[in-house]
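The values are calculated or read from the model by the stated rules, or taken from the named source; none is laboratory data. Being a predicted model, the structure only gives us computed values, none of them experimental. Methodologically, a virtual Cβ is constructed for each residue, glycine included, from the backbone with ideal geometry; neighbour enumeration extends over all protein chains shown. We work out accessible area using only protein heavy atoms, side chains counted, and drop any ligands, DNA or RNA first. Shrake-Rupley method; radii C 1.70, N 1.55, O 1.52, S 1.80 Å.
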Amino acid sequence: MENFVYEYPTKVYFGKGAAGRHLPGILAGCGPHVLLAYGGGSIRKNGVYDEITGILKAAGKTVAEFSGIMANPTWAKVQEGAKLARDCKADLVLAVGGGSVIDCCKIVCAQAVAGEDLWDLEMVQHKAPSAAPIPLGAVVTASGTGAEMNGGAVITNENVKIKGGMFAAAPRFAILDPEYTLSLPRMQVLSGAFDTLSHAMETYFGRSDRDNVSDEVALAVMRSTVVNMRALLKDLNDYTARSNLMWTSAMAENGILKVGRVTDFECHQMEHQLGAYTDCNHGQGLAVLHPVYYRHIVKDAPEKFAKLGQAVFGVDSAGAAVEALADFIRECGLPTKLTELRSRVEITPELLRQVADSTNLLPNGPRQLTHDEVYEILKECL
Ligand code: NZQ
Ligand code: ZN
């Protein structure tokens with residue numbers, strides 16, 4: 001095992017009716033001003049907005065709203081939220097949504113109290129913010145990213161065309177009610193769950209020592225994610241599968257799989273830059289990239305690929321593991337080519353060259369890629 005320090009910053013309230021049962025008690029311990037943050041309006045259609053605002057009102061809170069947080073949140077949106085948080089003197093920011101809303105609010109909470117521009121501080125100067133952020137709570141309505149149980153946030157700075165990972169406020173509490181996810185469109189359910197599978201695989205393919213317990217836990221999270229995704233292919237509203245996936249999502253990104261090991265996450269680096277240029281859906285971008293990336297690196301970690309193949313897909317060789325993953329992506333109806341992704345621009349080889357050249361190259365996977373190889377991978381995804 002590598003040396004580590006492990007601590008959970010987030011208290012989780014899981015299950016049907018969790019908001020009604022637990023939020024009043026949590027709010028009793030917070031100050032009077034709440035900034036309620038959400039996305040493009042799904043919570044107004046599915047009743048979650050009414051339920052949460054009812055609880056806030058009953059608790060006597062003064063509520064300001066920060067709405068319209070887009071999928072793949074931008075740095076400009078963070079600035080808008082930080083101003084609102086300052087203006088309403090927020091004692092708590094309550095993020096109600098998926099990874100995008102939660103991530104945006106993590107940085108809002110820190111930027112609102114910071115004396116400097118946090119993009120410059122973190123991404124250019126590589127320093128951490130010093131002021132304590134405004135407390136953050138998360139009510140999860142779309143699972144998959146695991147954003148609710150960590151302090152990382154993925155933000156797109158449109159000026160410099162970088163979708164980058166920042167670190168700020170981890171939620172102090174997270175409400176995970178699987179019923180809140182039932183209104184998600186089918187493709188978002190599956191792409192979110194594929195993101196979870198990707199997190200577990202990206203962690204597993206980082207270098208680890210022999211018989212590492214975190215590898216075993218990662219394989220279990222992968223297997224459970226695949227089994228429960230298959231259950232949803234039969235019945236999209238299967239509550240048991242939804243609830244299992246809501247927890248595998250948190251498990252994959254709450255740090256437990258990363259204990260005592262380094263991680264890969266090169267596929268995420270490629271996808272994030274693809275997102276910076278195209279605004280594509282995160283889980284769908286990963287679905288396109290993963291098999292192609294793995295065909296490039298399978299010879300660099302044959303034993304690990306074979307072990308994954310056996311544990312997750314019941315196949316017995318490294319190559320078969322990669323093809324079983326590709327088959328599973330097709331079985332789910334997830335995209336398999338870049339041209340199938342929703343993109344705000346045409347995806348051309350020239351654009352992919354820019355994506356490749358701006359992709360972070362990480363050192364801890366089976367083999368470190370070059371920008372040219374990233375370009376080859378991206379072109380093979382066309
Ligand atoms: O905006 P609204 O109207 O709410 O619609 C959203 C959005 O269009 C919709 N949605 C959410 N809950 C719903 C719902 N629609 C109906 N019913 C509900 N209950 O779903 C759409 C996608 O939401 P989004 O939050 O963007 O999805 P996701 O949770 O997949 O988050 C993706 C973002 O998280 C980042 C990604 O890069 C991307 O920016 N990630 C964050 C991570 C982290 N902090 O740990 C790790 C991940 O690797 C990832 O990079
Ligand atoms: Zn992800």
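Out of all the residues in region 160-178, is one or more under 22 Å from GLY41 (Cα atoms) and open to solvent by 50 Å² or more (accessible area, probe 1.4 Å)? No. So is LEU289 away from ligand 1 (no atom under 15 Å from the Cβ), more than 15 Å from the chain's Cα centre (by Cα) and surrounded by 21 or more Cβ atoms within 10 Å (Cβ to Cβ) or not? It is false that LEU289 is away from ligand 1 (no atom under 15 Å from the Cβ), more than 15 Å from the chain's Cα centre (by Cα) and surrounded by 21 or more Cβ atoms within 10 Å (Cβ to Cβ). Here PRO129 meets the list (1) under 19 Å from the mean Cα position of the chain (by Cα); (2) away from ligand 2 (no atom under 14 Å from the Cβ); (3) in a loop (DSSP other than H, G, I, E, B) almost entirely, failing just condition (1). Do we have any residue at all in region 7-15 that's more than 26 Å from HIS282 (Cβ to Cβ), more than 16 Å from ligand 2 (Cβ to nearest atom) and at pLDDT below 95? Yes, there is a match, as at least one residue in region 7-15 is more than 26 Å from HIS282 (Cβ to Cβ), more than 16 Å from ligand 2 (Cβ to nearest atom) and at pLDDT below 95. Picking from residues in region 150-159 that are open to solvent by 10 Å² or more (accessible area, probe 1.4 Å) and under 19 Å from THR196 (Cα atoms), the one that is farthest from ligand 1 (Cβ to nearest atom) is GLY151.
For the criterion of being modelled with pLDDT of 95 or more and in a helix (DSSP H, G or I), GLY25 passes. For ALA306, the conditions (1) in contact with a Leu (Cβ under 8 Å, 6 or more places away or on another chain); (2) open to solvent by less than 40 Å² (accessible area, probe 1.4 Å); (3) not charged (D, E, K, R) are fulfilled apart from (1).
With the structure loaded, tell me whether VAL315 is part of a loop (DSSP other than H, G, I, E, B), more than 16 Å from ligand 2 (Cβ to nearest atom) and either free of Cβ contacts under 8 Å to residues at least 60 places away in the same chain or closer than 16 Å to SER198 by Cα (or both) or whether it fails that test. Give the steps one after another, and end with the answer.
Details: part of a loop (DSSP other than H, G, I, E, B): yes; more than 16 Å from ligand 2 (Cβ to nearest atom): yes; either free of Cβ contacts under 8 Å to residues at least 60 places away in the same chain or closer than 16 Å to SER198 by Cα (or both): yes.
The answer is yes for VAL315.
Looking only at region 185-218, residues that are part of a loop (DSSP other than H, G, I, E, B) and buried (at least 21 other Cβ atoms within 10 Å of the Cβ) come to 3 in all.
For residues in region 254-269 being in a helix (DSSP H, G or I) and more than 16 Å from PHE4 (Cα to Cα), which is nearest to ligand 1 (Cβ to nearest atom)?
Only one residue fits best here, namely HIS268.
The set of residues in region 231-250 that are out of contact with any strand residue (DSSP E or B) (no Cβ under 9 Å at 6 or more places or on another chain), surrounded by fewer than 22 Cβ atoms within 10 Å (Cβ to Cβ) and outside any loop (DSSP other than H, G, I, E, B) comprises ALA231, LEU232, LEU233, LYS234, TYR239, THR240, ASN244.
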